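Structure first, then comments.
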Amino acid sequence: MKKPVIGYSYFVDESGGISNDSRLFILGCLKTDTPKILEKRLVELAEKISDNIYFSGVSEGILLKGFHAVDDHPDIRAEVYKICHCSITGPILSS
């Protein structure tokens, strides 16, 4: 019996080292077979943040530009990472 073919989506981002004086360059990739669920959860998080007075100073930027770890409040960044972690397909590599 043949296994069904699963399509994957890949989201790649970099940090440091390209146009600044950083000595480090990091490349990350999230692989998921449920990109629509990932998108839905991120939209729900953005809506939740916009309704929370604690994030009143930063929620407008997220609604306009989306999430960006370097700019996001640490509590927001942690929530985004939780959502991404639940959407990962395949092994998690660490050093």
For the stretch 18-59, give me the residue count where each residue is out of contact with any Asp or Glu (no Cβ under 9 Å at 6 or more places or on another chain), more than 12 Å from GLU79 (Cβ to Cβ) and among the hydrophobic types (A, V, I, L, M, F, W, C). 6
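Do you know which of the residues in the stretch 37-92 that are part of a helix (DSSP H, G or I) and among the aromatic types (Phe, Trp, Tyr) is surrounded by the most Cβ atoms within 10 Å (Cβ to Cβ)? Before the answer, list the steps.
First pass over the stretch 37-92, keeping only residues part of a helix (DSSP H, G or I): 37-50, 53-55, 59-65, 74-86.
The next check asks that each one be among the aromatic types (Phe, Trp, Tyr); those that pass are 54-55, 81.
Values: TYR54: 11, PHE55: 17, TYR81: 11.
Ranking the qualifying residues of the stretch 37-92, first place goes to PHE55.
Taking only the stretch 27-36 into account, find how many residues are of a type in the set (A, V, I, L, M) and surrounded by 15 or more Cβ atoms within 10 Å (Cβ to Cβ). Walk me through it before giving the result.
The first filter runs over the stretch 27-36 and keeps only residues of a type in the set (A, V, I, L, M), leaving 27, 30.
Keeping just the survivors that are surrounded by 15 or more Cβ atoms within 10 Å (Cβ to Cβ) gives 30.
So the count comes out to 1.
A short reminder: the numbers here are calculations on the coordinates, not readings from a lab. Source: prediction; values computed, not measured. Don't worry about glycine lacking a Cβ; one is built from the backbone with ideal geometry, like all the others, and counts go over all protein chains shown.
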